[in-house]
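Input: a single structure, listed below in structure tokens.
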């Protein structure tokens, strides 16, 4: 990329020879570079977007935004990514509970109910998780060799898996709420 520096004292006399398309592209590229640098710096300072800061590694539009999927699946993916899915990690924030006391209400593991526990560890969703992971393994046979964050990055960046991920989150959340409301009766 070529840096273009215009000195305010420099007069441009020959406007006919200026390549405006080149200048517009150069300025646009520079603005984009600045935006990406700001985004990377801001993203790491966020306390709210726990999962987003771990999973999002490039400045681009997410696949699920333009993928043909149900509104509910798209919404569940967005909530999970932005750490706004009503799990105890998020609910406890409003109740001023310490993070370490925001336990999963669906199992006896005494684990904090965060997005990772919800997706990968809670035994209540084992059957649904097994079905989902079998679908994933058709594309990624060794997916279990990756960390949970790396797996989630794969799920969110693969157009073949993203709709299945949305359905998995939706189904698990339905199971969660059904279980919670059944024990409150």
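The values are calculated or read from the model by the stated rules, or taken from the named source; none is laboratory data. What you are looking at is a predicted structure, and each value in this text was computed from that prediction instead of being measured. Cβ placement follows ideal geometry from the backbone for every residue including glycine, while neighbour counts extend to all protein chains displayed.
Report, by residue number, each residue of the range 87-115 that is in a helix (DSSP H, G or I), surrounded by fewer than 20 Cβ atoms within 10 Å (Cβ to Cβ) and in contact (Cβ under 8 Å) with a residue 12 or more places away in the chain.
If the condition is that a residue be in a helix (DSSP H, G or I), surrounded by fewer than 20 Cβ atoms within 10 Å (Cβ to Cβ) and in contact (Cβ under 8 Å) with a residue 12 or more places away in the chain, then 99, 100 are the ones that fit.
What about residue 80, is it closer than 15 Å to residue 174 by Cα and at pLDDT below 90? So that I can check it myself, show each step before the final result.
On the way: closer than 15 Å to residue 174 by Cα: yes; at pLDDT below 90: yes.
So residue 80 passes the test.
Scan the range 166-185 and tell me whether some residue there is within 20 Å of residue 62 (Cβ to Cβ), surrounded by 18 or more Cβ atoms within 10 Å (Cβ to Cβ) and free of Cβ contacts under 8 Å to residues at least 40 places away in the same chain.
Taking every residue of the range 166-185 in turn, none turns out to be within 20 Å of residue 62 (Cβ to Cβ), surrounded by 18 or more Cβ atoms within 10 Å (Cβ to Cβ) and free of Cβ contacts under 8 Å to residues at least 40 places away in the same chain.
Just the residues that are at pLDDT 70 or above, under 16 Å from residue 154 (Cα atoms) and not in a helix (DSSP H, G or I), please, taken from the range 55-77.
Once the filter is applied, which keeps residues that are at pLDDT 70 or above, under 16 Å from residue 154 (Cα atoms) and not in a helix (DSSP H, G or I), the range 55-77 yields 62, 67.
Got at least one residue in the range 123-131 being farther than 17 Å from residue 77 by Cβ and in contact (Cβ under 8 Å) with a residue 40 or more places away in the chain? Steps first, answer last, please.
Residues of the range 123-131 farther than 17 Å from residue 77 by Cβ: 123-124, 126-127, 130-131.
Restricting the remaining residues to those that are in contact (Cβ under 8 Å) with a residue 40 or more places away in the chain gives 124.
Checking the range 123-131: at least one residue is farther than 17 Å from residue 77 by Cβ and in contact (Cβ under 8 Å) with a residue 40 or more places away in the chain.
Select from the range 144-185 the residues that are farther than 25 Å from residue 66 by Cα and in a helix (DSSP H, G or I) and list them in ascending order. So that I can check it myself, show each step before the final result.
To start, the set of residues in the range 144-185 that are farther than 25 Å from residue 66 by Cα comprises 144-147, 175-185.
Selection gives 144, 145, 175, 176, 177, 178, 179, 180, 181, 182, 183, 184.
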